[in-house]
Amino acid sequence: MIKRTAFPPPERDLPERDLPERDLPERDLPERDVPDRLLAVRAAEGDEDSFAVLVRRHGRPLLALARCMLGNPQDAEEAVQDAFVSAWRRLPEYRHSAEFRTWMYRITVNRCLTIRRRRPPPLSLNRVVEPATGDAWSQPARSAEQDAAIAALSRALAELDDGQRICWILREVQGLPYKDIAHVTRTSEQTVRGRLFRARRSLQEAMGPWR
């Protein structure tokens, strides 16, 4: 997704001796075991390979988030691409006060909101809620009924305000804890819980005929 040419070349290559001693053993860890914080430090120093690991590690859930918010695969890919480019440029400002994942969620959400304001697309959950193959839903009548229910849920989500919609997606689709959602939305956990309560109530009322 992220082209290497999108990023400026590292200003210099730091030798091993310039790294804190506590980080040296982690140089030999398998890629999957290197923590985000260390990858972010290396990326901030210009290490494109470390940033590429972060992109591979977090790209898929961020793309799912963007698809939920925008309902358009092309817009979602654009949002995530732009979010990672922005993150690369802003890595020196990243102070590790939140997990890298949470930081990326905030950047991606903000980018999605910008795209929605610029070119509001119809919200769709077709990429998130899909019928399982081989079960009763695969029958034409049941499939049509499910498609109608998904469309109704999409319309109901589109009628929520941005704050409620973001909190609902981050909680119900992405599974983020309240603390992380509060950090992403720059609000308190109490505010997040309030928005979720109102979003769930609105969706429950809208989806009443489908229960």
Original post:
By per-residue mean of other Cβ atoms within 10 Å, what is the highest-first order of 85-95, 38-48, 102-112?
Top reply: 102-112, 38-48, 85-95
**OP:** Starting with the highest mean, order 159-169, 187-197 by the number of other Cβ atoms within 10 Å, averaged over the residues of each peptide.
**Re:** 159-169, 187-197
Subject >> Residues in segment 70-93 reached by a label modelled at Thr114 [backbone nitrogen below 17 Å; 7 Å Cα→Cβ] >> reply: 70, 75-93
Original post:
Asp180: net charge of surrounding residues, Cβ under 15 Å, Lys/Arg +1, Asp/Glu -1, itself excluded?
Top reply: +3
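We did not get these values from a lab; they are worked out from the coordinates using the rules stated. This structure is a prediction, so every number in the text was calculated from the model and none was measured. For neighbour counting, all protein chains shown are included, and Cβ atoms are generated from backbone atoms with ideal geometry for every residue, glycine included.
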